[in-house]
1. How many residues does the stretch 37-62 hold that are loosely packed, with under 13 Cβ neighbours inside 10 Å and either at pLDDT below 95 or more than 26 Å from Asn100 (Cα to Cα) (or both)?
2. Going through Thr94, Thr104, Thr89 one at a time, which residue ends up being more than 21 Å from the chain's Cα centre (by Cα) and β-branched (Val, Ile, Thr)?
3. Spot the failing condition for Ser96; the list is (1) touching a Phe, Trp or Tyr at 6+ places or on another chain (Cβ under 8 Å); (2) at pLDDT below 95; (3) not aromatic (Phe, Trp, Tyr), and only one is missed.
4. Given Ser41, Ser78, Ser65, Ser133, which one is of a type in the set (Gly, Ala, Ser), in contact with a Ser or Thr (Cβ under 8 Å, 6 or more places away or on another chain), within 27 Å of Gly25 (Cα to Cα) and touching a residue at least 24 places away in the same chain (Cβ under 8 Å)?
5. Would you be able to say whether some residue in the stretch 20-36 is surrounded by 10 or more Cβ atoms within 10 Å (Cβ to Cβ) and modelled with pLDDT under 85?
6. Take the stretch 145-201 and flag every residue that is more than 30 Å from Glu63 (Cα to Cα) and of a type in the set (A, V, I, L, M, F, W, C).
7. If the Cβ limit is 6 Å and pairs must be 6+ apart or interchain, which residue in the stretch 143-171 that is within 30 Å of Thr127 (Cβ to Cβ) and modelled with pLDDT of 95 or more pairs with which residue that is aromatic (Phe, Trp, Tyr) and crowded, with 21+ Cβ neighbours inside 10 Å?
8. Look at Gly180 and say whether it is free of Cβ contacts under 8 Å to residues at least 24 places away in the same chain and assigned to a loop (DSSP other than H, G, I, E, B).
Amino acid sequence: MKVLINIIISVIFICNFSIAQEYSGFSVGYTKHIAEDPHDSGNTAYFSDPEENGFVVGYFNGERSDGASFETEYSYYSEVSQKLTSDVTVDVSTFSSMINFMATPGDDEYYGIFGGGIGVGYSMVDTNYKSGSTTFNGDEGTFGFAYQLILGFGSNDYEVVFKRSHFGEVKGGSGKTSAGGNYVADEFDNVYNSIVFKAKF
């Protein structure tokens with residue numbers, strides 16, 4: 001009896017493993033970058049959360065089985081320019097590596113996607129300051145923890161998803177201005193809302 005149970009368990013495991021769908025592909029999407037809660041390192045708060053449009057491209061691979069997916073994802077978020085104040089503009093771009101966990105109820109023809117991911121991001125912020133004849137230009141890279149929420153639908157060949165990706169607080173350059181004064185770094189939460197098309201193969 002014990003041998004029979006072990007055989008049944010083995011068959012179930014093999015069958016489940018054999019129907020797991022492995023996939024990979026490329027993605028492209030439209031983004032709305034948000035510089036949330038902008039302020040400077042001296043704790044001076046700014047008055048708005050500027051938004052700017054951009055794009056994201058990426059590569060992914062994963063496995064879907066029994067209504068769930070596990071996926072790794074590598075993305076580049078294009079450089080966008082954000083006007084933090086009348087004197088300060090920052091150019092922002094981000095690279096990310098994420099691990100996504102998603103519920104995918106449905107069949108291969110159509111299924112829903114509900115989940116999220118965690119990982120790391122590297123964001124580059126290039127600061128351009130001009131007030132009268134005084135200027136400052138500098139950049140700073142920030143490497144840190146990232147997370148995202150994912151909603152969408154898919155099929156055997158493609159997926160369309162909405163993602164809200166958060167790459168933590170980032171900051172721009174700091175140093176001496178052209179007039180010899182100190183320029184403290186601008187800081188903000190680096191957030192992207194994205195609509196992404198994923199081609200699977």
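The values are calculated or read from the model by the stated rules, or taken from the named source; none is laboratory data. Values in this document were obtained by computation on a predicted structure and should not be read as measured data. Positions of Cβ are backbone-derived with ideal geometry, glycine not excepted, and every protein chain shown enters the neighbour counts.
1. Initially, the stretch 37-62 is screened for residues loosely packed, with under 13 Cβ neighbours inside 10 Å, giving 42-45, 47-48, 53.
Still in the list and also either at pLDDT below 95 or more than 26 Å from Asn100 (Cα to Cα) (or both): 42-45, 47-48.
Residues meeting the conditions: 6.
2. Values: Thr94 fails: more than 21 Å from the chain's Cα centre (by Cα); Thr104 fails: more than 21 Å from the chain's Cα centre (by Cα).
Result of the check over Thr94, Thr104, Thr89: Thr89.
3. Against the list (1) touching a Phe, Trp or Tyr at 6+ places or on another chain (Cβ under 8 Å); (2) at pLDDT below 95; (3) not aromatic (Phe, Trp, Tyr), Ser96 comes up short only on (2).
4. Numbers: Ser41 fails: within 27 Å of Gly25 (Cα to Cα); Ser65 fails: in contact with a Ser or Thr (Cβ under 8 Å, 6 or more places away or on another chain); Ser133 fails: within 27 Å of Gly25 (Cα to Cα).
Exactly one of Ser41, Ser78, Ser65, Ser133 is of a type in the set (Gly, Ala, Ser), in contact with a Ser or Thr (Cβ under 8 Å, 6 or more places away or on another chain), within 27 Å of Gly25 (Cα to Cα) and touching a residue at least 24 places away in the same chain (Cβ under 8 Å), namely Ser78.
5. We begin by selecting, within the stretch 20-36, every residue surrounded by 10 or more Cβ atoms within 10 Å (Cβ to Cβ); these are 20-21, 23-36.
Adding the requirement that they be modelled with pLDDT under 85 leaves 20.
Yes, that holds for at least one residue.
6. Let us first name the residues in the stretch 145-201 that are more than 30 Å from Glu63 (Cα to Cα), namely 169-189.
Val170, Ala179, Val184, Ala185, Phe188, listed by residue number.
7. Once the first residue is within 30 Å of Thr127 (Cβ to Cβ) and modelled with pLDDT of 95 or more and sits in the stretch 143-171, its partners that are aromatic (Phe, Trp, Tyr) and crowded, with 21+ Cβ neighbours inside 10 Å give Ala146/Phe167; Ser165/Tyr192.
8. Working: free of Cβ contacts under 8 Å to residues at least 24 places away in the same chain: yes; assigned to a loop (DSSP other than H, G, I, E, B): yes.
Here the answer is yes, as Gly180 does meet what is asked.
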